[in-house]
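Colleague: Sending over a structure as structure tokens; questions will come in a sec.
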């Protein structure tokens, strides 16, 4: 079933869309898998960086600042290739998917570190002083006073980075991970129809990212109160 | 790594990366100001269109957009974009959408009394924008623009997947030629880091300059 859709004689083929669906869903699954594992790594590693950035000793603060700045200001794609090609040379063999998850998690951990830091810094100084005045122990100060207030700023910001991470998962196609973009390229290569698969994938990203960003905004408003 | 590889692949690659960054940044700036100002427009319809643009281009992935412009657009419209310009278009349009949010935020952050004073002086909307709002909003935009510009620089690496000969693509070729990945990829990362450092420094200087015009000193 084909019909002419454009002045230039181009056509949109719905049957190509249906044929793409099995691959599409496989791609969605891999993309979401990368997103979930990448988020997990970036959230936890970011916390480690953030603690390092707040460490009392300059010997810790300095290297952590340098490393996170370096990772944050260099392209994820090049880091991906670095890990993909260099790790095997060092004798560490990971699958493309694992490498991709590690790279994306590492890259975004430098962003989440800033989120944690900003969230903790935004808690008014008086709160720390009050906790000291009440002679609360350290863990009570963190768990009962500082973190509940910091979380309001941290959670929506982390949500925004998860959305950015989603939009960066197609980079993993560069190392042939079978996520959405790579699935559409394979489909195009086998049927010579790139239009339908690529369009479907592009729209799929909007359909996931837009509601997600509305959700984050709603969360932001709710937690701000 | 031999000098020949540097001279024939890596250095021209760095130059392509710089060019890509400059052209895409110019397009993104035009889009950001156009769409950002449209989002503060009086007419609801104009605001809706601008908002729609931002959500679509912020919603999709820059790399998917790039592939789409390169593979899907040609059969639809009947002409082919040179990879370099498909890349500039994709980067400019998507980072422009992010920039539009910055422009909108900075315009909304100007004290409302400033706009009212403009109306009281019976300035036209365009005069108000040009003479009152923008001079105060632009210095506020510069720090987020700086971050965005570094993101854009990082985004230019995506073009290597389309076969544009930027520094990441050069790294790939050098890797094939020398069979030594660690060296060339470390060097490439350092190149990006240095470029990003230059951008940060330049934008900081620009911020100091524009704020000095308003009589504000930056630390």
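Colleague: Size of the stretch B:3-213 along its principal axes in angstrom, Cα-based, largest extent first?
Modeller: Projected onto the principal axes, the Cα atoms of the stretch B:3-213 cover 69, 45, 22 Å.
Colleague: Additional query: Using only the alpha-carbon atoms, how far is helix B:167-178 inclined from the longest principal axis of chain B? Give it as 0 to 90 degrees, nearest 10.
Modeller: Between helix and principal axis, roughly 10 degrees.
Colleague: Grab the Cα-Cα distance for residue A:47 and residue A:160, subtract it from 0.36 nm times how many residues apart they are, and report the gain in nm with one decimal.
Modeller: The residue A:47-residue A:160 span can extend by a further 39.0 nm.
Colleague: Here's a follow-up. Once the Cβ-Cβ distance between residue B:77 and residue B:147 is put in as r, and R0 is 35 Å, what FRET efficiency do you end up with, to the nearest 0.05?
Modeller: It comes out at approximately 0.55.
Colleague: For a quick protection proxy, order the peptides B:159-165, B:63-69, A:159-165, B:201-207 by their average other-Cβ count within 10 Å, most packed first.
Modeller: The packing order, highest mean first, is B:63-69, B:159-165, A:159-165, B:201-207.
Colleague: Take the Cβ-Cβ distance between residue A:21 and residue A:212 as r, set R0 to 25 Å, and report the resulting FRET efficiency rounded to the nearest 0.05. All intermediate terms of the calculation are to be shown ahead of the outcome.
Modeller: On the way: r = 22 Å, r/R0 = 0.89.
So the FRET efficiency works out to roughly 0.65.
Colleague: On to the next question. For the protein assembly as shown, go through all pairs of different Cα atoms, get the mean of 1/r, take its inverse, and jot down that Kirkwood value in Å.
Modeller: About 23.9 Å, per the Kirkwood formula over Cα pairs.
Colleague: Using r as the Cβ-Cβ distance of residue A:40 and residue A:136, and R0 as 22 Å, what FRET efficiency do you calculate, to the nearest 0.05?
Modeller: Between residue A:40 and residue A:136 the formula returns 0.10.
Colleague: Just checking the output field for B:184-194: average partner chain Cβ neighbours within 10 Å of each residue's Cβ? Mind showing how you got there, number by number?
Modeller: On the way: counts 4, 8, 3, 0, 6, 9, 2, 2, 6, 6, 1.
So the per-residue partner count for this stretch is 4.
Colleague: Let me ask something additional. Semi-axes, largest first, in whole Å: what does sqrt of 5 times each Cα gyration tensor eigenvalue give for the stretch B:134-196? List each step's numbers first, then the result.
Modeller: Working: eigenvalues 214, 30, 7 Å².
Over the Cα atoms of the stretch B:134-196, the ellipsoid semi-axes are 33, 12, 6 Å.
Colleague: Okay, helix-only estimate at 222 nm for chain B: each DSSP H run of n ≥ 4 adds -39500 (n - 2.57), divide by all residues, round to 500 deg cm²/dmol; what do you get?
Modeller: The helix-only estimate for chain B comes to -24500 deg cm²/dmol at 222 nm.
Colleague: Further question: Relative contact order of the stretch B:82-219: what whole-number percent is it, with Cα pairs under 8 angstrom and at least 6 residues apart?
Modeller: Reported as a whole number, the value is 27 percent.
Colleague: OK, next. Only Cα pairs within less than 10 Å get springs; with that Gaussian network setup on chain A, which residue of A:92, A:201, A:48 has the largest fluctuation?
Modeller: Result: A:92 has the largest fluctuation of those listed.
Colleague: Then there's this: Over the whole of A:195-207, what's the average partner chain Cβ count within 10 Å per residue? Rounded to a whole number, please. Mind showing how you got there, number by number?
Modeller: On the way: counts 7, 1, 2, 9, 4, 0, 5, 9, 4, 3, 6, 8, 2.
Whole-number average of other-chain Cβ neighbours for A:195-207 is 5.
Colleague: Expected output is a single nm value to one decimal: the length gained when fully extending between residue A:65 and residue A:190, i.e. 0.36 nm times separation in residues minus the C-alpha distance. What is it?
Modeller: Working: separation 125, 0.36 × 125 = 45.00 nm, distance 4.66 nm.
Computed gain between residue A:65 and residue A:190 is 40.3 nm.
Colleague: Here is a further query. Taking 7 Å along the Cα-to-C-beta vector as the label spot, tell me the residue B:124-residue A:93 distance in nanometres, rounded to one decimal.
Modeller: Result: 7.2 nm between the two label points.
Colleague: State the volume of the convex hull built on the alpha-carbon positions of the stretch A:20-224, expressed per residue in Å³ and rounded to an integer.
Modeller: Output value, Cα hull per residue: 137 Å³.
Colleague: Taking each residue of A:88-95 in turn, how many C-beta atoms of other protein chains fall within 10 Å of its C-beta, and what is the average?
Modeller: That average works out to 1.
No lab work stands behind these numbers, since they all come straight from the coordinates. This one's a predicted model, so the numbers in the text were calculated from it and none came from an experiment. Every residue, glycine as well, gets a Cβ built from its backbone with ideal geometry; the counts of neighbours run over all protein chains shown.
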